[in-house]
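Visitor: Got a structure here, written out as structure tokens. Questions coming.
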Amino acid sequence: MANPERNKRILLDLMKQPGNHLCADCGAPDPDWASYVLGIFVCLNCSGTHRDLPAVSRVKSIRLDYWEDSLVEFMREKGNTSSNSVFEKCIPAFFYQPQQKDCVVLRDQWIRAKYERREFTGENVRRDYNSDILEAALWKKGKNKKAFLKRTFLLCQREFTLRYFVREDSKVPKRVIYMKDLNAVFQPEKMGHAHGLQISYQQEERTRNLFVYHESGQVIVSWFNAIRATKLAYLKRKHPAAQDNVQWEPFKKRWFTLSLQDRKLLYFKTPMDATELGAVFLGTESHGYSVDGQSPAGRRQGKWNWGIAMTTPGRQFIFMCEQEQEQGEWLEALREVISTPMTLQDYSNEANWRRRRK
């Protein structure tokens with residue numbers, strides 16, 4: 001007969017081992033749930049998706065559930081490192097791998113792609129990410145309206161463009177967006193939809209936004225990764241020697257958006273504005289950029305007690321946060337940008353940005 005306390009101690013020790021100390025799917029620390037079918041340790045949030053996949057995964061709480069000796073031994077034999085060597089064997093360079101703080105639809109579809117569809121084992125290679133033409137009907141927020149209207153979108157990798165059409169039978173696109181000007185991030189809270197995707201692009205020296213969603217989480221995440229695949233193909237064409245990755249890991253709060261891809265902090269009048277009010281390009285520390293969590297003495301703060309001072313070669317910006325956690329998150333995100341070396345494309349983007357501001 002199994003000894004519950006002994007098995008619990010064994011599992012807790014296993015959980016602390018390298019590889020197991022972080023969630024196998026999102027990297028969250030101290031994962032105290034486990035899939036006893038896959039032999040992996042996962043966090044509470046990711047365990048919810050695993051629970052929805054009974055054909056491929058079944059989960060138990062390490063601390064609360066009863067564990068048979070045979071399951072404990074299986075967990076000892078497997079573990080996160082062993083499992084991910086199989087299920088993450090062939091992840092495409094463009095595919096976004098969500099982290100703990102990413103939205104639910106990204107984490108959910110990542111887990112489903114890994115274990116249910118087995119997209120990264122080398123068995124089932126997805127061709128649609130790199131299709132010459134990818135078409136979908138997405139719900140797009142209407143201009144100056146709250147309503148979302150169904151529009152046809154075409155992604156063309158050969159031409160590095162994204163088009164959308166107002167009418168299904170139309171041959172003339174409402175807009176043609178080129179990959180060099182495009183970025184995409186999930187914004188479910190801002191848009192009020194769990195599958196909300198924000199597509200940003202440059203037009204007439206301004207950044208414009210399209211807000212779209214699809215009822216299917218798989219469709220919208222597949223489109224997101226197809227856009228990343230097209231963007232990577234464009235960057236490789238433009239910079240053949242560049243590294244084989246696309247860094248789109250934006251940090252956003254209220255109506256600010258920070259993008260690592262183009263190193264710009266954009267700010268908007270309201271969260272759902274189509275055009276930004278302004279932008280700040282972020283270089284590196286060696287170019288005179290810095291971020292400080294200390295607010296200037298004597299500044300009136302009211303309820304906004306947590307300050308961020310961001311210094312650029314041209315001026316200093318002061319941002320105030322209502323909560324200390326928000327301040328910490330923004331400091332971490334801004335410092336990540338200015339500590340990341342600039343690429344050839346970054347220098348080109350900076351030159352274009354400064355030229356437009358003159």
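Visitor: Looking at (1) over 23 Å from Trp110 (Cα atoms); (2) out of contact with any Phe, Trp or Tyr (no Cβ under 8 Å at 6 or more places or on another chain), which is the only condition Ile227 fails?
Guide: So Ile227 meets the others, but not (1).
Visitor: Also: If you check Arg51, Arg107, Arg112, which single one turns out to be among the charged types (D, E, K, R) and surrounded by fewer than 16 Cβ atoms within 10 Å (Cβ to Cβ)?
Guide: Numbers: Arg107 fails: surrounded by fewer than 16 Cβ atoms within 10 Å (Cβ to Cβ); Arg112 fails: surrounded by fewer than 16 Cβ atoms within 10 Å (Cβ to Cβ).
After applying the criteria, what remains is Arg51.
Visitor: When you scan region 258-305, how many residues do you find that are surrounded by 19 or more Cβ atoms within 10 Å (Cβ to Cβ), assigned to a strand (DSSP E or B) and at pLDDT below 80?
Guide: Final tally of qualifying residues: 1.
Visitor: Something else now. From the list Arg163, Arg118, pick out the single residue that is among the charged types (D, E, K, R), modelled with pLDDT of 90 or more, more than 20 Å from the chain's Cα centre (by Cα) and at positive phi. Write out each step before concluding.
Guide: Values: Arg163 fails: at positive phi.
The match here is Arg118.
Visitor: If you go through region 73-83 one residue at a time, how many are open to solvent by 30 Å² or more (accessible area, probe 1.4 Å) and not aromatic (Phe, Trp, Tyr)?
Guide: From region 73-83, those open to solvent by 30 Å² or more (accessible area, probe 1.4 Å) are 73-74, 76-78, 81-82; that's our starting set.
Those left that are additionally not aromatic (Phe, Trp, Tyr): 73, 76-78, 81-82.
Residues flagged as open to solvent by 30 Å² or more (accessible area, probe 1.4 Å) and not aromatic (Phe, Trp, Tyr) within region 73-83 amount to 6.
Visitor: Any residue in region 233-246 that is open to solvent by less than 20 Å² (accessible area, probe 1.4 Å), over 20 Å from Leu210 (Cβ atoms), modelled with pLDDT of 80 or more and not in a loop (DSSP other than H, G, I, E, B)? Please lay out each step first, then the result.
Guide: Step one: of region 233-246, the residues open to solvent by less than 20 Å² (accessible area, probe 1.4 Å) are 246.
Still in the running and over 20 Å from Leu210 (Cβ atoms): none.
Scanning region 233-246, I find no residue that is open to solvent by less than 20 Å² (accessible area, probe 1.4 Å), over 20 Å from Leu210 (Cβ atoms), modelled with pLDDT of 80 or more and not in a loop (DSSP other than H, G, I, E, B), so the answer is no.
Visitor: Taking region 54-72, which residues are under 20 Å from Arg107 (Cα atoms) and either in contact with a helix residue (DSSP H, G or I) (Cβ under 6 Å, 6 or more places away or on another chain) or exposed (fewer than 13 other Cβ atoms within 10 Å of the Cβ) (or both)?
Guide: Taking region 54-72 and keeping what is under 20 Å from Arg107 (Cα atoms), we get 54-61.
Those that are under 20 Å from Arg107 (Cα atoms) and either in contact with a helix residue (DSSP H, G or I) (Cβ under 6 Å, 6 or more places away or on another chain) or exposed (fewer than 13 other Cβ atoms within 10 Å of the Cβ) (or both): Pro54, Ala55, Val56, Ser57, Val59.
Visitor: Next up: Out of the residues in region 125-143 that are within 13 Å of Ala226 (Cβ to Cβ) and among the basic types (Lys, Arg), state the one that is most open to solvent (accessible area, probe 1.4 Å). Outline the logic, then answer.
Guide: Of the residues in region 125-143, the ones within 13 Å of Ala226 (Cβ to Cβ) are 126-136, 138.
This time we only want the ones that are among the basic types (Lys, Arg), so: 126-127.
On the way: Arg126: 54, Arg127: 179 Å².
Among residues in region 125-143 that are within 13 Å of Ala226 (Cβ to Cβ) and among the basic types (Lys, Arg), the one most open to solvent (accessible area, probe 1.4 Å) is Arg127.
Visitor: I've got another one for you. Taking the stated definitions as given, is Ala137 in contact with a Phe, Trp or Tyr (Cβ under 8 Å, 6 or more places away or on another chain) and either assigned to a strand (DSSP E or B) or aromatic (Phe, Trp, Tyr) (or both)?
Guide: Details: in contact with a Phe, Trp or Tyr (Cβ under 8 Å, 6 or more places away or on another chain): yes; either assigned to a strand (DSSP E or B) or aromatic (Phe, Trp, Tyr) (or both): yes.
Here the answer is yes, as Ala137 does meet what is asked.
The values are calculated or read from the model by the stated rules, or taken from the named source; none is laboratory data. The structure displayed is predicted, hence computed values, not measured ones. Heads up, the Cβs are rebuilt from the backbone with ideal geometry, glycines too, and the neighbour counts pull from every protein chain shown. Each accessible area value is taken on the protein alone, full model and side chains, heavy atoms only, with ligands, DNA and RNA left out. Shrake-Rupley method; radii C 1.70, N 1.55, O 1.52, S 1.80 Å.
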